[in-house]
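Below: the structure, in structure tokens.
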Amino acid sequence: MAYQFDFLPVVENTDLLLRGALFTLELTAIGAVLGVGLGIVGALVRAWNIRPFAGIFGVYVELIRNTPFLVQLFFIFFGLPSLGLQISEWQAAVLAMVINLGAYSTEIIRAGIQAIPRGQLEAAAALAMTRFEAFRHVVLLPALGKVWPALSSQIIIVMLGSAVCSQIATEELSFAANFIQSRNFRAFETYALTTLIYLCMALLIRQLLNWIGRRFISRSSSARSSSQ
């Protein structure tokens, strides 16, 4: 018997899908800001071999990059309470996304830092800048400008990976889709619409990050380079 497509039961629950999509975007925004911030710290520590933190970040990066995100999420949500640290589903999802993105961001940004010409650092030293001042004014923005496309792609990957957070009942988009499908049994229609929403969110985030890169990263780094 031919399958009869019926999107109406799914469309009637569009509010649930949109609520889940907004929750996913919220997780992504918080995870991106904190994760990239953690990556900047880790990249500085590893690029300049600041001990003992360089070794600590090295272990952290290898551990996260070589284990599944789902296992990391389960460890945070199910493992930490065994040690007496009780956290909610939302907190576990945010923490997992920050830790995961932070590890990948560390290596991405470190590559940008190592691509900065040594002459710029020597010029900063000649101006009596401290290492922190040189990093802030001379290294950071040019380094981000070099790796911004890769960093943007990693943020989108983390957003898409947030779908597994439904496994701990985090009410993001995939959780909403599973809930709707369990009520109307229209699996194809439900996940087809969910896929479309994920695609739209990914394209939206990419456009936003491209605008941020042009407006705040590339322009600022170009202005600093010309002034020097």
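Rundown of residues vs (1) under 13 Å from the mean Cα position of the chain (by Cα); (2) free of Cβ contacts under 8 Å to residues at least 24 places away in the same chain; (3) at positive phi, yes/no style:
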residue: VAL61; (1), (2), (3): no, no, no
residue: THR67; (1), (2), (3): no, yes, no
residue: LEU70; (1), (2), (3): no, no, no
residue: LEU80; (1), (2), (3): no, yes, no
residue: LEU85; (1), (2), (3): no, yes, no
residue: SER88; (1), (2), (3): no, yes, no
residue: ALA92; (1), (2), (3): no, no, no
residue: LEU101; (1), (2), (3): yes, no, no
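Test of understanding: among ALA47, ALA21, ALA29, which residue is more than 15 Å from TYR198 (Cβ to Cβ), in contact (Cβ under 8 Å) with a residue 40 or more places away in the chain and hydrophobic (A, V, I, L, M, F, W, C)? If you could, list the steps in order and put the result at the bottom.
Details: ALA21 fails: more than 15 Å from TYR198 (Cβ to Cβ); ALA29 fails: in contact (Cβ under 8 Å) with a residue 40 or more places away in the chain.
Step by step, each of ALA47, ALA21, ALA29 is checked, and only ALA47 is more than 15 Å from TYR198 (Cβ to Cβ), in contact (Cβ under 8 Å) with a residue 40 or more places away in the chain and hydrophobic (A, V, I, L, M, F, W, C).
Please determine whether any residue of the range 132-139 is surrounded by fewer than 21 Cβ atoms within 10 Å (Cβ to Cβ), touching an Asp or Glu at 6+ places or on another chain (Cβ under 9 Å) and in a helix (DSSP H, G or I). Quick ask: steps written out before the conclusion?
Going through the range 132-139, the residues surrounded by fewer than 21 Cβ atoms within 10 Å (Cβ to Cβ) turn out to be 132-134, 136-137.
Then drop every residue that is not touching an Asp or Glu at 6+ places or on another chain (Cβ under 9 Å), which leaves none.
Within the range 132-139, none of the residues are surrounded by fewer than 21 Cβ atoms within 10 Å (Cβ to Cβ), touching an Asp or Glu at 6+ places or on another chain (Cβ under 9 Å) and in a helix (DSSP H, G or I).
Residues in the range 158-196 that are closer than 28 Å to ILE212 by Cα and free of Cβ contacts under 8 Å to residues at least 24 places away in the same chain: THR195, LEU196.
Restricting attention to the range 140-169 and to residues that are within 17 Å of the chain's Cα centre (by Cα) and β-branched (Val, Ile, Thr), the residue that is surrounded by the most Cβ atoms within 10 Å (Cβ to Cβ) turns out to be ILE155. Taking the range 103-121 as the search range and keeping residues that are touching a residue at least 40 places away in the same chain (Cβ under 8 Å) and closer than 18 Å to GLU62 by Cα, which one is surrounded by the fewest Cβ atoms within 10 Å (Cβ to Cβ)? Of everything passing the filter in the range 103-121, GLU107 is surrounded by the fewest Cβ atoms within 10 Å (Cβ to Cβ).
Listed here are the residues, each with its yes/no results for (1) farther than 22 Å from ILE205 by Cα; (2) modelled with pLDDT under 95.
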residue: LEU70; (1), (2): yes, no
residue: PHE74; (1), (2): yes, no
residue: LEU85; (1), (2): yes, yes
residue: ALA93; (1), (2): no, no
residue: ILE108; (1), (2): no, no
residue: ARG118; (1), (2): yes, yes
residue: ALA124; (1), (2): yes, yes
residue: HIS137; (1), (2): yes, yes
residue: GLY145; (1), (2): no, yes
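Residues in the range 156-203 that are among the β-branched types (Val, Ile, Thr) and assigned to a helix (DSSP H, G or I): ILE156, ILE157, VAL158, VAL164, ILE168, ILE180, THR190, THR194, THR195, ILE197.
Just one residue in the set TYR60, TYR3, TYR104 is aromatic (Phe, Trp, Tyr) and not in a helix (DSSP H, G or I); that residue is TYR3.
The values are calculated or read from the model by the stated rules, or taken from the named source; none is laboratory data. All values reported here derive from a predicted model rather than from experimental measurement. When we count neighbours, we look across all protein chains shown, and the Cβ atoms used for this are built from the backbone with ideal geometry, even at glycine.
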